[in-house]
Each structure stands twice: as structure tokens, then as C-alpha cells.
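Undergrad: Pasting a structure below so you can have a look.
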């Protein structure tokens with residue numbers, strides 16, 4: 001079995017290493033995958049910590065935990081990821097479009113989002129997301 005994020009890597013060497021702080025996300029896509037795994041493992045502290053300073057709401061931790069414990073996460077599909085890379089790897093923004101599937105009250109729900117990421121002091125952070133209505137094709 002691979003990582004929760006869908007990659008064929010062991011969780012502890014993939015998203016688990018990022019969630020535990022052993023390594024940091026090197027791209028917006030890696031951060032997105034680790035955030036999905038944080039939802040699966042109900043790691044609300046990481047979800048708050050991995051957001052930009054303007055969007056960190058520690059008061060949300062109990063709400064995030066309640067949500068995580070009341071749904072069953074099924075899978076993550078990365079539809080598009082972009083990260084402009086300069087000659088010196090000084091990229092500062094990135095975008096990831098994804099679909100996350102979860103089971104809630106017996107129904108499959110699709111969270112389709114275009115997420116914006118920024119790099120602050122060498123660390124990728126989740127900035128904001130735009131929900132997209134979608135259907136499985």
C-alpha cells in the first residue's frame with residue numbers, strides 16, 4: 001500500500017516525513033499531498049501550521065478534527081500543478097488543482113479546488129483555495 005496521497009511510497013517516507021517535520025515540502029504539490037494526508041490522519045495542527053500566517057486559525061483545530069473524524073477519505077487526484085521555477089529555484093508562488101474524494105453520511109463527496117501556495121522564508125505554505133463545481137467524468 002502506498003501513501004494516503006496516492007503516491008506509491010511508504011507513508012513514513014512520503015507525507016509522514018513532512019507531517020512529522022523530518023523534511024519539508026519541496027513543491028506546492030508535495031505540500032498539497034501532505035495536507036490531504038493530514039486530513040486523512042486528522043492532523044489538524046499541521047493543517048493550521050502549513051497555512052500562511054494570515055490564514056492560521058488555531059481556533060479551527062477542534063472543527064477540523066470533528067470533520068476529519070466524521071468522514072472517510074477515499075482518494076486524492078492531482079489534476080494540475082504548476083510552479084514557475086527560476087534558474088536559482090527562487091519560485092515564490094504555485095497552484096495545484098485537485099479533487100479529494102470522501103464519504104460523508106453514506107454519500108461520496110468531491111472537493112474540487114484550485115489552491116494557491118506561496119513560499120515564505122523558504123517554506124511552502126497554503127494560501128487560499130477556490131472551489132470548483134465538478135462531476136466525475
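The values are calculated or read from the model by the stated rules, or taken from the named source; none is laboratory data. Remember, predicted model here, so these are calculated numbers, not experimental data. Backbone-built Cβ (ideal geometry, glycine too); neighbour counts: all protein chains shown.
Undergrad: Touching a residue at least 60 places away in the same chain (Cβ under 8 Å), in contact with a strand residue (DSSP E or B) (Cβ under 9 Å, 6 or more places away or on another chain), under 22 Å from residue 133 (Cα atoms) and not in a loop (DSSP other than H, G, I, E, B): does that describe residue 35?
TA: yes
Undergrad: With (1) in a helix (DSSP H, G or I); (2) surrounded by 14 or more Cβ atoms within 10 Å (Cβ to Cβ); (3) in contact with a helix residue (DSSP H, G or I) (Cβ under 9 Å, 6 or more places away or on another chain) as the list, and residue 29 as the residue in question, which single condition is left unmet?
TA: Every condition holds for residue 29 apart from (3).
Undergrad: Counting only residues that are without any contact (Cβ under 8 Å) to a residue 40 or more places away in the chain and in contact with a helix residue (DSSP H, G or I) (Cβ under 6 Å, 6 or more places away or on another chain), which one in region 12-26 is farthest from residue 72 (Cα to Cα)? Steps first, please.
TA: Initial filter on region 12-26 (without any contact (Cβ under 8 Å) to a residue 40 or more places away in the chain): 12-23.
In the following step, the residues that additionally are in contact with a helix residue (DSSP H, G or I) (Cβ under 6 Å, 6 or more places away or on another chain) were identified as 15, 18-19, 23.
On the way: 15: 18, 18: 22, 19: 19, 23: 27 Å.
Result: 23.
Undergrad: Could you list all residues from region 38-60 that are modelled with pLDDT under 95 and not in a loop (DSSP other than H, G, I, E, B)?
TA: Of everything in region 38-60, those that are modelled with pLDDT under 95 and not in a loop (DSSP other than H, G, I, E, B) turn out to be 53, 54, 55, 58, 59, 60.
Undergrad: Run residue 9 past the list (1) without any contact (Cβ under 8 Å) to a residue 40 or more places away in the chain; (2) more than 18 Å from residue 122 (Cα to Cα); (3) assigned to a loop (DSSP other than H, G, I, E, B); (4) in contact with a helix residue (DSSP H, G or I) (Cβ under 8 Å, 6 or more places away or on another chain) and report the number of the one that doesn't hold.
TA: For residue 9, the failing item is (4).
Undergrad: Run residue 35 past the list (1) more than 12 Å from the chain's Cα centre (by Cα); (2) modelled with pLDDT of 95 or more and report the number of the one that doesn't hold.
TA: With (1) more than 12 Å from the chain's Cα centre (by Cα); (2) modelled with pLDDT of 95 or more applied to residue 35, the lone miss is (1).
Undergrad: Filter region 38-59 for residues that are touching a strand residue (DSSP E or B) at 6+ places or on another chain (Cβ under 7 Å), without any contact (Cβ under 8 Å) to a residue 40 or more places away in the chain and closer than 22 Å to residue 119 by Cβ and give the result.
TA: none
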